[in-house]
1. Take Val164 and decide whether it is away from ligand 1 (no atom under 16 Å from the Cβ) and under 22 Å from the mean Cα position of the chain (by Cα).
2. Could you grab me the full set of residues in region 432-446 that are among the hydrophobic types (A, V, I, L, M, F, W, C) and open to solvent by less than 80 Å² (accessible area, probe 1.4 Å)?
3. Out of everything in region 538-582 that is in a loop (DSSP other than H, G, I, E, B) and in contact with an Asp or Glu (Cβ under 7 Å, 6 or more places away or on another chain), what residue ends up being surrounded by the fewest Cβ atoms within 10 Å (Cβ to Cβ)?
4. Only residues that are away from ligand 2 (no atom under 16 Å from the Cβ), touching a residue at least 12 places away in the same chain (Cβ under 8 Å) and open to solvent by 30 Å² or more (accessible area, probe 1.4 Å): list them for region 92-127, please.
5. Please state which of the following conditions Lys427 fails to meet, knowing it meets all the rest: (1) outside any strand (DSSP E or B); (2) open to solvent by less than 10 Å² (accessible area, probe 1.4 Å); (3) within 18 Å of Leu544 (Cα to Cα).
6. Mind checking which pairs have a first residue in region 70-88 that is within 21 Å of Pro291 (Cβ to Cβ) and a second that is more than 15 Å from ligand 2 (Cβ to nearest atom) and open to solvent by 50 Å² or more (accessible area, probe 1.4 Å), Cβ under 7 Å, 6 or more apart or different chains?
7. Taking the conditions exactly as written (within 15 Å of ligand 2 (Cβ to nearest atom), within 23 Å of Lys118 (Cα to Cα) and either β-branched (Val, Ile, Thr) or within 31 Å of the chain's Cα centre (by Cα) (or both)), does Val27 satisfy them or not?
Amino acid sequence: MPIRLLSTEVASQIAAGEVIERPASVVKELMENALDSGAKSVTISVEEVGRRMIEVADDGSGIASDELALAVSRHATSKLSKAEDLFRISTLGFRGEALASIGSVSRMTVTSKIVSSKAGARIRIEGGGEGKVEVVGAPVGTVVRVEDLFYNVPARLKFLKADVTERRAIDNLVTRYALAYPNVRIKLAEGKTMTLQTSGDGDRRAILAALYGVEIAKQLLEITAQDDGLGLSGYISPTALTRSNRKDITIFVNGRWVQDTPLTSAFIQAYHTLLMVGRYPLGAVFIDIAPEDVDVNVHPAKAEVRFKDQDRVFGFVQRSVRRGLLAYAPVPSVAPALWGARNESSKQVGIDWTIAHDDAKVENANPDMDGEAIGFPPSQVEGSVLNRVPLLRLIGQIGTTYLVAEGPDGLYLIDQHAAHERILFEKLMVQHDMHKIPSQSLLTPAVVTLPLQSANLLVSQLPTLNHFGFDVEEFGPNTFQVRAMPALFAGSDPSAALRAIVEDFEEDEAPLQNEVEKKLAARVCKRLAVKAGQTLSPEEQRALLTDLENCDSPRTCPHGRPTMIHLSVEMLERQFGRRGAR
Ligand code: ADP
Ligand code: MG
């Protein structure tokens, strides 16, 4: 093919592809414009997950009638004029591309009025064509209505994910922006349902509750920090509250949601040694930095930023979160090396750990123990016959948390919660594989209300749940009715079970169905297993041991944590100086 210049139409569709990928990207760009315009109130309505219609209305400055045609053309912006301006951006937008891009892949109508003008104006663009401006009556502010997104780019439509996923992306986005802008009244309506509505009174707790659910929102710790031109505020999880992935860590820089940022690692590192391997904190932090110290022009959808002094910002975030954490609940370090436990989170990046509770102190407290690997070499944890535990003689319960038992080869300490998790999990999976999970009806059905995103997740998991002997159905907005539970869990709290199913669910998780089911079962078992701190009768203790002996993989819980620590006779002899060097 000879080389030729692309038509404007094709060129603008290509450019649009970088910015407008899915309905949530439209919502993001329009919401950013509304926030940039100084709006006090922003109302977002979507129909059919945004495929049919997305409308964003604000009460901000508006666009002058004679500038409307310009606003929707490419490279037209009121937010910067010189190249130097790029390095002191204080608005969310600056590329002058969003409206043009959206207009080239949909049927878009922009209606706007500024305060000094009597009438408003409207322009309609279809698939990037020219639009005519007409005079209309309108309140001060702007309404952008986007219909039939991607109607002229059928290939894009094919790339959209399932409705639940696209809806989650929108919910996620709007809720996070709501959290970042608590002084703006933000409403999100999907079809006829109002899914989010904030008061605009600056209270972030209420918005946190919408994002994470009331229970979690209550536990989050509020932090603030300042350091020479850097500011931070936010909410972080206490060490007892964790997730299986890092997706619930939200970072905003100068009012902009940044994803895939090294700052997420800084946040996680603040919890170094305080969380179990494979667990992550959650929370949201809002960082303020001088606009000239950050480059926002590094990503087409503006989802990443670069810092002049990345190490400084990294260290600041990490120290601020750590300090905040320790200020609320001085947590003793878990000494990872003491019992030969795996210590995976030891990737330290030149950080100052001297704030409190020095790890080194704990590790050196007993130099003799240092490096002594008690417990299981990791190679032994996986496996078949080796993996079984011998018959155990129960000695008792200590700290209402561990069982102590004797085996032919030494002493066993068993974590009652982890062990019970393993037992429930294997029983459930056996029943599941035989396609008969006994179900037990509840005397009175339980009604459970979940936060919006969890509710959406649960809906997508309902068929799987019903496989597992639950009888759950939708019962109003974000509300479910549980009529039966697997008999194995008789007597447990149905709402705890439902919450367990949706917490930690990974976005876009699309493994084999079998994997989904296993994960789901593991979550429920974790939530419904006996807890540490629960007193068990001698009969219950013995039953737990017997059940554990019968498990296929008794040595780890379904999440991979050890259920037991084994102190071999040989090891005891060595520790007491009965063996080896005298
Ligand atoms: P950018 O936001 O990068 O400037 P956009 O294409 O998103 O580019 O918008 C172009 C221009 O249209 C903006 O610079 C702004 O002047 C105007 N504009 C867009 N949306 C709004 C709005 N909701 N309220 C006021 N002005 C707006
Ligand atoms: Mg914009």
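1. The answer is yes for Val164.
2. Narrowing region 432-446 to residues among the hydrophobic types (A, V, I, L, M, F, W, C): 434, 437, 442-443, 446.
Passing the criteria: Ile437, Leu442, Ala446.
3. The first filter runs over region 538-582 and keeps only residues in a loop (DSSP other than H, G, I, E, B), leaving 550-555, 557-561, 563, 576-582.
From the residues that got through so far, the ones that are in contact with an Asp or Glu (Cβ under 7 Å, 6 or more places away or on another chain) too are 551-552, 557-558, 563, 579.
Working: Cys551: 19, Asp552: 11, Cys557: 24, Pro558: 22, Thr563: 24, Arg579: 13.
My answer is Asp552.
4. Once the filter is applied, which keeps residues that are away from ligand 2 (no atom under 16 Å from the Cβ), touching a residue at least 12 places away in the same chain (Cβ under 8 Å) and open to solvent by 30 Å² or more (accessible area, probe 1.4 Å), region 92-127 yields Arg107, Ile114, Val115, Ser117, Ala119, Arg122, Arg124, Glu126.
5. Looking at each condition in turn, Lys427 falls short on (2).
6. Sorted first by the residue in region 70-88, then by its partner, the pairs are Phe87/Glu292; Arg88/Glu292.
7. On the way: within 15 Å of ligand 2 (Cβ to nearest atom): yes; within 23 Å of Lys118 (Cα to Cα): no; either β-branched (Val, Ile, Thr) or within 31 Å of the chain's Cα centre (by Cα) (or both): yes.
No: the conditions fail for Val27.
Residues are listed down the side, and each one gets a yes or a no for (1) on the phi < 0 side of the Ramachandran plot; (2) surrounded by 21 or more Cβ atoms within 10 Å (Cβ to Cβ); (3) part of a strand (DSSP E or B):
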| residue | (1), (2), (3) |
| --- | --- |
| Thr224 | yes, no, yes |
| Leu232 | yes, yes, yes |
| Asp260 | no, no, no |
| Ala266 | yes, yes, no |
| Leu275 | yes, no, no |
| Val285 | yes, yes, yes |
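The values are calculated or read from the model by the stated rules, or taken from the named source; none is laboratory data. Note that the coordinates shown come from a computational prediction; the quantities given were computed from them, not determined experimentally. Positions of Cβ are generated from backbone atoms using ideal geometry, with glycine treated the same way; all protein chains shown enter the neighbour counts. Accessible surface areas use protein heavy atoms only, side chains included; no ligands, DNA or RNA. Shrake-Rupley method; radii C 1.70, N 1.55, O 1.52, S 1.80 Å.
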